[in-house]
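Derivation of every value follows stated rules applied to the coordinates shown; laboratory data play no part. Please read these numbers as outputs of a predicted model, since none were measured by experiment. Using ideal geometry, Cβ is built from the backbone for each residue, glycine included, and neighbour counts are taken over all protein chains shown.
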């Protein structure tokens, strides 16, 4: 048995009996390499805060984002896609990524991930340090008491490494099949937030709201480190809700507008509601392709990117817009950013300088239909060329007195 002497920079492969052999050279570790010093845990510092295991401050985290879309055009067995994605998430932890995120939608022909909590529970069982979160769960589709139980269990399974990001939702097809009215989504979300908070605190969830009447019961077991609650959205009510009810904000990953377009109103809302904008928390999905040669990468994965953007246009994720015809249309229209390492370091350094409230930046692990091997090439590039230059950079701009 051979043990690699350095942290692997290629994802673990799947045996040839399960999938055609990969032609790319891979380092397959028999035993995972030891963590870097900043990854080692310490009994004095929990893994649920924003600090390194050794207690030193580090901000923000950098992570991967999963939707597991599997369009028919590039279809692969879903068991293979899920298994390889889980292997990739575990490998990403070993090469320096610090968070894993998952999204939720329903009834898409391409198999968009509908059970992000299940996926993240599997990630939790394969990792020990990465923080996990949802970006986003459509809270209005879930019974809040059941959601409270499931998320408390995930917080326990992950040893406090889980954040629940929720939103009201916006797609009619997500709501109709669950017998929910799209027009009720704001009040459904408001009720859910109150029930989640009470349930995680171990207090009674007894309530008689507009949508739910609950008896005098308590969710058990109580997580020692319950999830942090994040709220996402772009509309003013969503931003106000995040400022007043949540532990942080998830702005839309809409590349047509700068992040300041979403973050500034959130910080203003925090201040209006009596909070401290400097102590606010923002977690950002980043719509960028980061590669050594972005143009070459666009030529390789452009059809996957075009599919993603056009389906988001069709479902209203990106608002109204015309269907695009070529991958270059996606770039020229501003739906994605093409960065090499220098661009990424410069842009993210500016973001963190202007907004030290940003505590997590995460990229799509791969595009719809793209193979995990292909996505992993960019993941490895980011880990090698981008993350080392950004380690701790947010803390150099943040107020050192703030406890993150």
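Observations on the model:
- Fraction of antiparallel bridges per DSSP, segment 53-397 only, in percent to nearest 5: 5
- Residue separation of residue 354 and residue 118 scaled by 0.36 nm, minus their Cα-Cα distance, works out to 81.4 nm of gained length.
- Order of 179, 247, 174 under a 10 Å beta carbon neighbour criterion, fewest first: 179, 247, 174
- Inter-centroid distance (Cα atoms) of segment 270-327 relative to segment 131-189, Å: 22
- The stretch between residue 257 and residue 236 holds 6.0 nm of extra length on full extension. This uses 0.36 nm per residue minus the Cα-Cα distance.
- Relative contact order of segment 53-397, defined on C-alpha pairs under 8 angstrom at six or more residues apart (%): 20
- Beta bridge orientation in segment 134-292: antiparallel %, DSSP, nearest 5: 15
- By the count of other C-beta atoms within 10 Å, a proxy for reagent exposure, 373, 293 are ordered fewest to most as 293, 373.
- Spin-label model, residue 212 to residue 300: label points 7 Å out along the Cα-to-beta-carbon direction sit 4.5 nm apart.
- Förster radius 25 Å - calculated FRET efficiency between residue 83 and residue 184, Cβ distance, rounded to 0.05: 0.10
- Potential extension, residue 337-residue 177 segment - 0.36 nm per residue separation minus Cα distance: 54.1 nm
- Here the mean projected area of the convex hull built on the C-alpha positions of segment 53-397 is 16.7 nm².
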